[in-house]
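**Q** Structure in structure tokens, see below.
Every read-out reported here was derived from the displayed coordinates using simple, explicitly stated rules and does not represent laboratory data. This structure is a prediction, so every number in the text was calculated from the model and none was measured. Because the Cβ atoms are built from the backbone with ideal geometry, glycine has one as well, and the counts that use them run over all protein chains shown.
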Amino acid sequence: MSKSGIDQQALIDLFANASAQQTAQLREGVYKATLGALQGRELSLKNIRSVLGTVAQAASAGAAQNPLAGVDAAQLLDNAVAGMDDALLKAVEANRVALQQFVDKGVDLRETQLKKALADLDKFEDTLLGALKKSASAAGDPMAGPWAQVLEKFNVGGTQTGQMASGAAQQLEAQMAQMQAAMRETRAASLRAAQTLAESYTALVSGVLIGMSDALRQAAPAKTARKK
């Protein structure tokens with residue numbers, strides 16, 4: 001068991017012994033191993049990068065050792081990437097839910113820590129790509145071709161993680177903008193109401209003072225007459 005919490009040998013054996021018909025099992029195995037390692041730890045880019053790198057290296061080593069005829073090494077690696085992508089989707093959702101709670105409470109996403117969390121969310125796909133490139137570089141000549149095919153597919157189609165992370169970030173930012181606009185509108189409405197009340201109050205007070213002045217002016221001659 002490595003420091004990342006992944007049984008690398010188990011993953012290597014899984015890929016080394018996989019047949020062409022075991023693609024679903026490979027994807028599921030990688031998904032469980034990756035998700036298990038991500039759970040119970042801070043979902044920082046550093047930790048995510050470490051987990052993905054360990055999984056990718058184990059998958060690459062296992063695929064290189066696979067002796068079965070008819071097994072496409074690129075297909076094996078493609079399933080490894082799919083499994084990691086599936087696990088990262090869970091990490092994206094966990095971050096989205098956490099950030100959503102702050103948005104619902106009116107916390108400004110421009111606050112330093114939340115701004116960084118939102119920015120990191122949008123880097124999950126790049127983190128996966130970086131881990132794959134590093135594993136491809138370390139794999140050597142036998143796996144260079146298969147890795148090149150996987151990376152080409154990655155560059156063309158992207159990942160579910162990238163799409164979901166980008167969508168989540170945009171949604172949260174839009175919600176925050178709407179809330180801020182609503183708060184500004186509420187403040188503006190309050191100011192307008194206060195201004196209207198102030199104007200009404202001024203008019204009312206002016207009218208009262210005018211009435212009082214008139215009454216005082218009318219009372220003054222009457223008092224003078226009585227003195228005579």
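**Q** If the limit is 19 Å between Cα atoms, which of 46/123; 90/133; 90/123 go over it?
**A** Over 19 Å Cα-Cα: 90/133.
**Q** To one decimal place, what orientation-averaged projected area in nm² is obtained for the convex hull of the Cα set of segment 8-184?
**A** In nm², the orientation-averaged hull projection of segment 8-184 is 10.5.
**Q** Tell me the relative contact order for segment 8-184 as a rounded percent, counting alpha carbon contacts under 8 Å between residues six or more apart.
**A** Contact order relative to length: 28 percent.
**Q** To continue, here is another question. What FRET efficiency comes out for the pair residue 25/residue 156, r = Cβ-Cβ distance, R0 = 30 Å, nearest 0.05?
**A** Computed FRET efficiency for residue 25 and residue 156: 0.70.
**Q** Sticking with this one: Quote to one decimal, in nm, the extra length available between residue 69 and residue 17 on full extension: 0.36 nm per residue of separation minus the C-alpha distance between them.
**A** Computed gain between residue 69 and residue 17 is 17.6 nm.
**Q** Using 0.36 nm times the number of residues separating residue 170 and residue 133, minus their current alpha carbon distance, what extension gain do you get?
**A** 10.6 nm
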